[in-house]
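A quick write-up on the structure given underneath.
The values are calculated or read from the model by the stated rules, or taken from the named source; none is laboratory data. Worth saying up front: this structure is predicted, and the values here are computed from it rather than measured. Counting neighbours? That spans all protein chains shown, and the Cβs are built from the backbone with ideal geometry, glycine included. Side chains are part of the model used for accessible areas, which takes the heavy atoms of the whole protein and leaves out ligands, DNA and RNA. Shrake-Rupley method; radii C 1.70, N 1.55, O 1.52, S 1.80 Å.
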Amino acid sequence: MTDAVKQLKEWIDQSGNIVFFGGAGVSTESGIPDFRSTGGLYHQQYDYPPETILSHSFYEANPEEFFRFYRNKMLCLDAQPNAAHRKLAEWERQGKLKAVVTQNIDGLHQKAGSKNVLELHGSIWRNYCTRCGAFHGVEAIQGCQGIPRCSCGGIIKPDVVLYEEGLEEDVMMRSVSAIRHADVLIIGGTSLTVYPAAGLVRYYRGNKLAVINKAALGTEADLSITEPIGQVLDLL
């Protein structure tokens with residue numbers, strides 16, 4: 001165990017108000033590809049870049065191509081929680097972790113047992129009809145071809161935040177409050193380049209900011225660990 005990991009363990013052991021802010025790197029150890037690392041979705045070849053396909057305007061103009069990509073690349077339904085997800089759920093059961101703020105849409109934190117999960121970008125497990133508002137499970141999208149339709153004829157849209165769409169205000173406010181009042185803030189598996197979510201970090205008021213990310217970030221952390229997050233949290 002490195003000195004940095006030992007320091008983080010000491011913070012965790014002494015704290016009763018931890019907040020975790022995570023991104024795609026938390027789920028890569030569960031076999032879900034991220035967007036920006038080598039081998040991630042941004043480095044694969046499609047007729048359009050992934051950030052274009054996953055935009056609101058593309059969804060509106062080319063729904064069939066949007067749903068083809070979405071089914072093929074975004075629905076990793078068999079993925080299972082890894083050591084990071086399990087450790088965070090354990091801390092919550094112990095009363096130490098107060099919230100998980102995540103940019104991920106895979107639902108793995110909940111699958112691991114976490115309850116207070118603030119999903120900034122929504123979830124693949126929730127879908128709704130754009131005409132009548134009825135909610136549908138993921139099978140409504142996975143189990144069909146072309147554009148998924150509700151019984152009323154409306155399009156069933158994933159409850160995920162696409163590029164060009166705003167984040168849900170209530171989730172943002174709850175995330176700000178959790179981060180602002182945290183004793184220890186752990187940032188893991190995120191490049192902190194996607195705004196407005198990345199801007200939430202500035203609301204932290206404490207002096208125990210730990211960043212766990214395979215690539216070093218420019219943020220002014222009190223502790224920085226450049227190792228896989230699952231391996232690190234498994235030691236704590």
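So here's what we get for this one:
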| item | result |
| --- | --- |
| Yes/no for Ser175 being over 21 Å from Ser57 (Cα atoms) and hydroxyl-bearing (Ser, Thr, Tyr) | yes |
| Tally, over the stretch 148-179, of residues that are open to solvent by 40 Å² or more (accessible area, probe 1.4 Å) and touching a Phe, Trp or Tyr at 6+ places or on another chain (Cβ under 8 Å) | 1 |
| Criterion violated by Leu185 - all others in (1) closer than 27 Å to Gly230 by Cα; (2) out of contact with any helix residue (DSSP H, G or I) (no Cβ under 8 Å at 6 or more places or on another chain); (3) surrounded by 13 or more Cβ atoms within 10 Å (Cβ to Cβ); (4) not aromatic (Phe, Trp, Tyr) satisfied | (2) |
| Selection within the stretch 54-69 - of a type in the set (Ser, Thr, Tyr) and either without any contact (Cβ under 8 Å) to a residue 24 or more places away in the chain or part of a helix (DSSP H, G or I) (or both) | Ser57, Tyr59 |
| Odd one out for Asp78, checked against (1) within 20 Å of Gly166 (Cβ to Cβ); (2) open to solvent by 20 Å² or more (accessible area, probe 1.4 Å) | (1) |
| Residue that is most open to solvent (accessible area, probe 1.4 Å) [pool: residues in the stretch 97-130 that are within 15 Å of Val171 (Cα to Cα) and assigned to a loop (DSSP other than H, G, I, E, B)] | Lys115 |
| Qualifying residue in the stretch 185-204 (condition: touching a strand residue (DSSP E or B) at 6+ places or on another chain (Cβ under 8 Å), among the basic types (Lys, Arg) and over 30 Å from Ala61 (Cβ atoms)) | no |
| Condition met for Gly137 (on the phi > 0 side of the Ramachandran plot and modelled with pLDDT of 95 or more) | no |
| Criterion violated by Tyr59 - all others in (1) modelled with pLDDT under 95; (2) within 22 Å of Ile156 (Cβ to Cβ); (3) touching a helix residue (DSSP H, G or I) at 6+ places or on another chain (Cβ under 9 Å) satisfied | (1) |
| Any hit, the stretch 24-43, residues being open to solvent by less than 30 Å² (accessible area, probe 1.4 Å), under 24 Å from Lys208 (Cβ atoms) and either in contact with a strand residue (DSSP E or B) (Cβ under 8 Å, 6 or more places away or on another chain) or not in a helix (DSSP H, G or I) (or both) | yes |
